[in-house]
Amino acid sequence: MNYGHVNLVDGIWLKGTQGHYVSVNPANRSPVGDVLGPDGHVAEQAVAAAVREFRRGQWVRNPRLRAATLNAMADAAATVSDDLVDLLISENGKLRAEAIGEVMASISELRYYAGLARDIFGRAFSGQPGQMSLIEKEPAGVCAIITPWNAPLTLLVRSLGPALAAGCTVIVKPHRATTVVSNLFMRSITSVPNLPTGVLQSLNDPDDWVGAWLVNHEDVRVISFTGSTATGAKIATSAGPRFKKLSLELGGKAPAVVMADADLDRAAREVAKGITVLSGQMCVCVSRVLVERSIADEFQHRLKITLSEIKPGPGHLPESTMGAMFDDSAVERHLANQQAAVAHLDMEILLAGKDLRGDTGGCFVTPALFSSRTTDHPLIQNELFTPMASFEIFDSPEEAVSLANASDFGLAASVHSADHNCARWVASRIDSGTVWINCHNRLFVETETGGYKSSGMGRLHGVEALLDFQETKHIYFENDYETRPQ
Ligand code: NAD
C-alpha cells in the first residue's frame, strides 16, 4: 500500500489530488512511494474538523480519555514497528539501529504523555476570606505540527504527545520526503477505538504550500514547528501579527569542548559519533570541536583515526556505521564546503570527506574535519548539516566558553573533562538548551530539549512541553463560605 497517496481528514483517509512527489531511497535511488497532496478544499475540511472537535469539548475536557487514547496509540504503533523501521531505513537512509531507536522512542513518548495527561493540575488561591481564584490550564486550541525529514517519527511525536495530552486537536504536516513513513505511523495511531473523529488530521505537502497555509490560517492557534532557522523565522514573521502560540525547534551548531584532562579515547568516540550520527544530519550533531592546546595534536590524531573507521553504507547492512545523505544536493554541499575551507587562509582540511556516489550508487560520503583559526566565517557560523566539523584550539576554560558562544545558535553542546567541577563550570556558561558532560547526544523523553538564541523558542519533551500547548486561565469568584451555614 502506498501510504503517501492519502491525507487524513475527519477520520477518513482521502486520496490526494493535488501535487505529486516521489520519495526516494537515498541509498539506492529506488522510489519508496508517491506522495499526493490535498487541494485547498480538503485542507480547509481538515482544519474545520479540528475546530469542530475542539469546540465540542469531549476531547478537550476529558484527560482520562486522552490518556487511554495515547496508551492505545502506543500499542497500535508497536504492532507496525517492524514496518516503520524498514520505511525509516528506505525513505530516510538511516542505519537500522538509528531507525529502531527512533521507533522505540516514539512509542515510549506516547506512553509518557499518556501519563502526564492525567497529571494536569491548576492552582487555587484565596487572598481574603470570601475570595477564590482558580488558575486552570486549558488546551490552547487547534494545533499544526510541521515536521522536518531527518527524524520524522520522533520529531512528530515529541510535539504530538504533549499536544494531545494537553487537549489540543491537531493537523500534522510531514515533510514531503518522509510522508510515507509518517502516514503509516498516523494510520496506526488513528486506528484506535475511542479517538474522536476530527481530533487528528494529516495533510501531505508535495508542493510545499500546506505548511505556510496552516501557519496563516486564522483557526489554527498553535504552531509547533521543527525545522531550519530560516523557515522558523518565516513562520515567526507570519504568525507574529496574529499572536499565535509558537513552539519553534530550529537549527544548531553544537560545540564539543575537550579539556586537557579528558579521557581522550572516550571523547574521540563520543565526538566522532556526534559528527556522524544520522550522517551529520541531526540538529545536535557536533559541528565544532574545541580542544585545549596541550592535547590538540594527540586528540586530533585519535579523532581522525576514529572518523576514518566509519563505514558509510545502506542502513539495512549490519556493517554500515553511517547511513546515507538526504540527497545529491547534500553530497554536493559536503564537497563545496570543503572547497571553501581549502580556499581560506585560516583553515585547513585535516580529513577530506569523499564522495562515494560513484562506488556505491547511493548518496554516501565520508566524514570531513577542518581546522579553523577564525570564527568569522560561514563554515563556523552556519549549520552545514553534513558529517563535517571544525577543529579549533583554546588555551583556557574562559576561552572555550567564549569560542562556544561565538555563534547565533544555542541548541546543544558537550564538555569532556575528568574534572567534574570544571566541566560543570563550562557547561553553566555555554548559551545552550542542552549541555552533555563526557558524552554527546543523549536525548530523553522525560527531559526538556530546546534552543537558546536562533535555535528556537519553547521546550519539547518532559513536563514543560505541555506549556507550549496550553493557555493559563484565571477564574475568580466570591462567596460567603466564611459564614457558617444555617
Ligand atoms: P525545513 O525548514 O526546510 O522544513 C521543515 C518543514 O517546514 C517541512 O515540513 C517543510 O515543508 C515546512 N515548511 C517549509 N517552508 C515553510 C513555511 N514557509 N511555512 C511553514 N512550513 C514550511 O527543514 P528540513 O530541511 O526539513 O530539516 C532540517 C532542519 O531542521 C535543520 O536546520 C535542523 O537543524 C532542523 N531540526 C531541528 C531540530 C530541533 O530539535 N531543534 C530537530 C530536527 C531538525
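The values are calculated or read from the model by the stated rules, or taken from the named source; none is laboratory data. Every value quoted in this text rests on a predicted model; they were computed, and no experiment measured them. Cβ sites come from the backbone with ideal geometry, for glycine too, and all protein chains shown count toward neighbours. Just the protein is used for accessible areas: all its heavy atoms, side chains included, with ligands, DNA and RNA removed. Shrake-Rupley method; radii C 1.70, N 1.55, O 1.52, S 1.80 Å.
Annotations
- Only one entry of ASN204, ASN194, ASN216 meets the criterion of being free of Cβ contacts under 8 Å to residues at least 60 places away in the same chain and of a type in the set (S, T, N, Q), and that entry is ASN216.
- Whichever residue in the range 431-451 is more than 22 Å from VAL157 (Cα to Cα) and either of a type in the set (A, V, I, L, M, F, W, C) or not in a loop (DSSP other than H, G, I, E, B) (or both) and, among such residues, is farthest from the ligand (Cβ to nearest atom): ILE437
- Residue within the range 168-190 that is of a type in the set (Lys, Arg) and more than 13 Å from the ligand (Cβ to nearest atom) present: yes
- Single condition GLY456 does not satisfy, out of (1) of a type outside the set (Ser, Thr, Tyr); (2) within 16 Å of the ligand (Cβ to nearest atom); (3) open to solvent by 30 Å² or more (accessible area, probe 1.4 Å); (4) closer than 30 Å to SER329 by Cα: (3)
- Condition check for ASP219: in contact with a strand residue (DSSP E or B) (Cβ under 8 Å, 6 or more places away or on another chain), surrounded by fewer than 22 Cβ atoms within 10 Å (Cβ to Cβ), part of a loop (DSSP other than H, G, I, E, B) and not polar (S, T, N, Q): yes
- Test: residue in the range 287-308 that is open to solvent by less than 30 Å² (accessible area, probe 1.4 Å), within 16 Å of the ligand (Cβ to nearest atom) and touching an Asp or Glu at 6+ places or on another chain (Cβ under 9 Å): yes
Quick grid of which residues meet (1) assigned to a loop (DSSP other than H, G, I, E, B); (2) buried (at least 17 other Cβ atoms within 10 Å of the Cβ):
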residue: LEU70; (1), (2): no, yes
residue: ASP82; (1), (2): no, no
residue: LEU88; (1), (2): no, yes
residue: ILE107; (1), (2): no, yes
residue: MET132; (1), (2): no, no
residue: ALA144; (1), (2): no, yes
residue: PRO148; (1), (2): yes, yes
residue: ARG158; (1), (2): no, yes
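- Filter pass, VAL103 being touching a residue at least 12 places away in the same chain (Cβ under 8 Å) and surrounded by fewer than 22 Cβ atoms within 10 Å (Cβ to Cβ): no
- Entirely in the range 338-405, the strands (runs of 3 or more DSSP E) that have 2 or more residues that are open to solvent by less than 50 Å² (accessible area, probe 1.4 Å) and within 16 Å of the ligand (Cβ to nearest atom): 388-394
- Selection status of ALA144, within 21 Å of the chain's Cα centre (by Cα), assigned by TED's automatic domain parsing to the domain that holds THR17, within 16 Å of the ligand (Cβ to nearest atom) and in contact (Cβ under 8 Å) with a residue 60 or more places away in the chain: yes
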